[in-house]
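As structure tokens, the structure follows; a few thoughts come after it.
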Amino acid sequence: MVSVGKGWKMQRDQSRITSLVTIIWVLASLFFLLPVPHLWALSLDDLLARIEKQYNQTTDFQADFIQETMLKSIGKTEREQGRLYFKKPRKMLWRYEKPKAKTLVVNTEKSWLYIPEDQVAYVQKMDRLLQSTVAVRLLSGFIGIKDDFQVQFAATDQVDRKGNYMLRLIPRERNAGFSKAHIDINGTTYNINRVWFEDPYGNVTRVILSNIKMNQQLKDEKFLFAPPAGVEIFSLP
């Protein structure tokens, strides 16, 4: 029997798995903004067309990440960092290194969240994670993205005071996993500085990327996971 404390933790971790997967799909799609020359001269439709083109030309990417999650209900900010890997179609790995080791693996069949300190792993079938049309749309490379999102420049003049470009995405689907997303694009290099998401409860997740590498021919084996001996496994609905 699962204790009350462990049951609550399972629910919390299940929510985090779903949120993380949604966020990484958004990140993976938005990442293919790079490089987009003459961004300031593009209309929104032209910009989205270039994103789709860049997506189609990219097979995989990897980057260091810093993830900050601000939990509104308890007034606390959690900060984690590590390295992430993404490969088309539908494969990703988040390897958390600080402050605690944690591994999130997603492939075409399952998702796994492994927490070594607790000696537990949570598993969920991939088709359950992709019930949202938003997630499926993002995986398709922004094709018809405006059908599922309100996409707009976040500032009326398209840039902030530092000369960075800002985009805002608001999902039309209620169960998208987030209520809005912002993308901060460097006005000189056109690299993505950061992406942040707000969920319906007011919690905010910020992700900052660095040391980015693209099309490194990542092996499929990198996105497989086998629970170590002695690890307790929980199946999520």
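Residue exposure proxy: 194, 161, 172, ordered by other Cβ atoms within 10 angstrom of their Cβ from fewest to most, comes out as 161, 172, 194. With a Förster radius of 30 Å applied to the C-beta separation of residue 108 and residue 162, the computed FRET efficiency comes to 0.15.
Neighbour counting of Cβ atoms within 10 Å sorts the residues 118, 220, fewest neighbours leading, into 220, 118. Taking the number of Cβ atoms within 10 Å of each Cβ as an exposure proxy, the fewest-first ranking of 212, 185, 233 is 233, 212, 185. If you plug the beta carbon distance of residue 210 and residue 173 into 1/(1 + (r/R0)^6) with R0 = 35 Å, you get a FRET efficiency near 0.70. Put a dot 7 Å past the Cα of residue 117, heading toward its Cβ, do the same for residue 59, and the two dots end up 3.8 nm apart. State, to one decimal in nm, how far the label point of residue 220 lies from the label point of residue 147, with both points 7 Å from Cα in the Cβ direction. For the pair residue 220/residue 147, the computed spacing is 2.9 nm.
Pairs 100/162; 180/213; 102/180; 72/110; 91/180; 98/146: which exceed 32 Å Cα-Cα?
Working: 100/162 34 Å; 180/213 27 Å; 102/180 26 Å; 72/110 30 Å; 91/180 24 Å; 98/146 36 Å.
In this structure, 100/162; 98/146 lie more than 32 Å apart at Cα.
Any read-out appearing in this document is the output of simple, stated calculations on the displayed coordinates, not a laboratory observation. Note that the coordinates shown come from a computational prediction; the quantities given were computed from them, not determined experimentally. All Cβ positions, glycine included, derive from the backbone under ideal geometry; neighbour counts span all protein chains shown.
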